[in-house]
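Accompanying notes for the structure given below.
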């Protein structure tokens, strides 16, 4: 038997989450799979903090239920992570293997593999393991699918990315540059704007908190207009983008983090422009594209090894610092991909 | 020389248009094309009243400019119509031919044909000529392109059409039935609802003005949700539809008539559902599909002749009654396709 610290959702969250919404529980766990079981026991090394988790913290809602079942109050929350197999009763998993996929916010997780459980073996360990929560994991795959499949990019087109220094945005910008696009990002601090321009190679970037008029900022960066918008924030940014879209522009809706903590969502007023400019707005979900994960790896691994794609992480150490890291995400405190190192190996 | 009564835009319109925004002018016109000219002179028989015309009545606006240049104050407004060639200096046009396309709101129009001027020869005159302002003209082509190309319908799917008894909506509903879909329409009077159910074969219909909660009305008609929404109105209807969409639903944005007369457009609050349900919202413009007009005729003409597709028109007689008919459109006064008979032949 071993101890297993867990992070529990106290109750459904309204408004911005607080640290007191997540409580710790010390439990014990059998570190051997019982004979005859087909479950897999993993030790969690890294846990990912992602904006969609806020949606799972809210009370059941028919609108979000199509995509996200809420977390159960009184039980551990769960999310993507990187883990090591400690014991396995399942023929496809062997002790010592590294995987990434959905696990509990806890030190050890037991799961039953299914075709839909989205657990991927980690084959390439010359890359930092933590990257499998970000660049090589769900957010990376999100950027790849959203940009290449939903934006339908063409060389020379213009791209705007909001929350551009985040887990997904930083890769979208770099993919756009590799594709030969002009790319501009927005972020919420000058430090992040500096990263966008000087680390990720965005052509332009701005701090949305310092812009009195988002539409004017976009017009300055895109005098000819925006072909593609990779949408991570929603609300007033979407309104400003619509004003600056080009004819036949595309909006890939990856997230709308600005709306997740609001009880009454902001209204978007410029939707008639969708008609005037023949815009396509398309929501997408990474789970629909996981079958392309090996294609993604074939593309991205050489780029990483050759230094053509870089990635910035914001790592906190220790599960006990997980709740504040997750909550910080909704205040933009993270610089780069937010994750938690639970154990080194 | 002949007299040529014209309908002139007095000045750019704000809010709902009034009859006084359109004034009549008696002019004279040479009813012979001068030697050497390549213009075409037509006598206008029917003129079409369509919602987009309101956008052209507003002052210049960078958002709408992508699609619609405003009418010029002091000059005749223009729109789709059915006309007869009176004289022609152009080798492609012959006296006596019938055409449909953009002409002035006037008794006679002179135009220079260009590849983009969208004037079509009328070859089939066993169908009422006035249909070339509606079912067989721009609105019909809009319904056909929007439904078949943008909605991506599949047999057995569910379709909702707003402004369903209008020039475009009535055909969308009938196309959906032919495709084997379940189709529901909304309209603004019980008379129109009756038409939808008993004339056009919609499976269900409701009067949106009598529904205290549009989302509840939609839930009643679509207990399993909506696969496709053919959007003609915008605003609060779109919000209610988003709540009732199915996963992977499609919204074809054909028009947003509820917004054209507002100085401050309504906010749409439920856009995060685009993400949760992986919705595609796509604006489209019929001009991008005019190359499919002969394909459309091949499909629709037999349907009309066999009585599988029917069409309801609201015809006013005389150019002098044109302004009130056009303005009535924005108050939902028309029952079916609104048009003006200017001359019988």
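The values are calculated or read from the model by the stated rules, or taken from the named source; none is laboratory data. Keep in mind that what you see is a predicted model, and the values were worked out from it rather than measured. Counting neighbours? That spans all protein chains shown, and the Cβs are built from the backbone with ideal geometry, glycine included.
Observations
- Any hit, region B:146-155, residues being part of a loop (DSSP other than H, G, I, E, B), out of contact with any helix residue (DSSP H, G or I) (no Cβ under 8 Å at 6 or more places or on another chain), modelled with pLDDT of 95 or more and crowded, with 21+ Cβ neighbours inside 10 Å: yes
- Scanning region A:273-297 for residues that are facing chain B (nearest Cβ under 7 Å) and either touching a strand residue (DSSP E or B) at 6+ places or on another chain (Cβ under 8 Å) or within 12 Å of residue B:281 (Cβ to Cβ) (or both) yields A:273, A:274, A:275, A:276, A:277, A:278, A:279, A:280, A:281, A:282, A:283, A:284.
- Checking residue A:259 against (1) part of a loop (DSSP other than H, G, I, E, B); (2) within 12 Å of another protein chain (Cβ to nearest Cβ); (3) under 21 Å from residue A:54 (Cβ atoms), the condition it does not meet: (1)
- Taking the criterion of being closer than 21 Å to residue A:327 by Cα and either in contact with a helix residue (DSSP H, G or I) (Cβ under 9 Å, 6 or more places away or on another chain) or surrounded by 14 or more Cβ atoms within 10 Å (Cβ to Cβ) (or both), the residues of region A:21-31 that qualify are A:21, A:22, A:23, A:24.
- Looking at A:166, A:180, just one residue is at positive phi and at pLDDT 95 or above, and that residue is A:180.
- All positions within region B:239-256 that are buried (at least 23 other Cβ atoms within 10 Å of the Cβ) and at the interface with chain A (Cβ under 7 Å from one of its Cβ atoms): B:253, B:255, B:256
- Just one of (1) touching a strand residue (DSSP E or B) at 6+ places or on another chain (Cβ under 6 Å); (2) part of a helix (DSSP H, G or I) fails for residue A:209. It is (1).
- Members of region B:214-224 that are in a loop (DSSP other than H, G, I, E, B) and crowded, with 17+ Cβ neighbours inside 10 Å: B:222
- Which numbered condition residue B:229 misses (of (1) in a helix (DSSP H, G or I); (2) more than 10 Å from chain A (Cβ to nearest Cβ); (3) surrounded by 24 or more Cβ atoms within 10 Å (Cβ to Cβ)): (1)
- Strands (runs of 3 or more DSSP E) lying entirely in region B:51-123 (those with 3 or more residues that are in contact with a helix residue (DSSP H, G or I) (Cβ under 7 Å, 6 or more places away or on another chain)): B:78-88
- Annotation: of all residues in region A:54-74 being closer than 30 Å to residue B:248 by Cβ and away from every other protein chain (no Cβ under 14 Å), the one that is surrounded by the fewest Cβ atoms within 10 Å (Cβ to Cβ) is A:59.
- Test for residue A:74: is it touching a strand residue (DSSP E or B) at 6+ places or on another chain (Cβ under 9 Å), touching a residue at least 24 places away in the same chain (Cβ under 8 Å) and on the phi > 0 side of the Ramachandran plot: yes
- A residue that is surrounded by 17 or more Cβ atoms within 10 Å (Cβ to Cβ), within 12 Å of another protein chain (Cβ to nearest Cβ) and either more than 19 Å from the chain's Cα centre (by Cα) or at pLDDT 95 or above (or both) occurs nowhere in region B:199-213.
- Annotation for region A:132-141: no member residue is in contact with a helix residue (DSSP H, G or I) (Cβ under 6 Å, 6 or more places away or on another chain) and either part of a strand (DSSP E or B) or at pLDDT below 95 (or both).
- If you go through region A:291-345 and pick out every residue that is in a loop (DSSP other than H, G, I, E, B), over 30 Å from residue A:207 (Cβ atoms) and modelled with pLDDT of 95 or more, you end up with 4.
- Of note, residue B:124 does not satisfy the criterion of being surrounded by fewer than 19 Cβ atoms within 10 Å (Cβ to Cβ) and in contact with a strand residue (DSSP E or B) (Cβ under 8 Å, 6 or more places away or on another chain).
- Filter pass, residue A:193 being touching a residue at least 12 places away in the same chain (Cβ under 8 Å), within 20 Å of residue A:304 (Cβ to Cβ) and either within 24 Å of the chain's Cα centre (by Cα) or crowded, with 21+ Cβ neighbours inside 10 Å (or both): no
- Sole exception among (1) part of a helix (DSSP H, G or I); (2) touching a strand residue (DSSP E or B) at 6+ places or on another chain (Cβ under 9 Å); (3) surrounded by fewer than 20 Cβ atoms within 10 Å (Cβ to Cβ) for residue B:176, by number: (3)
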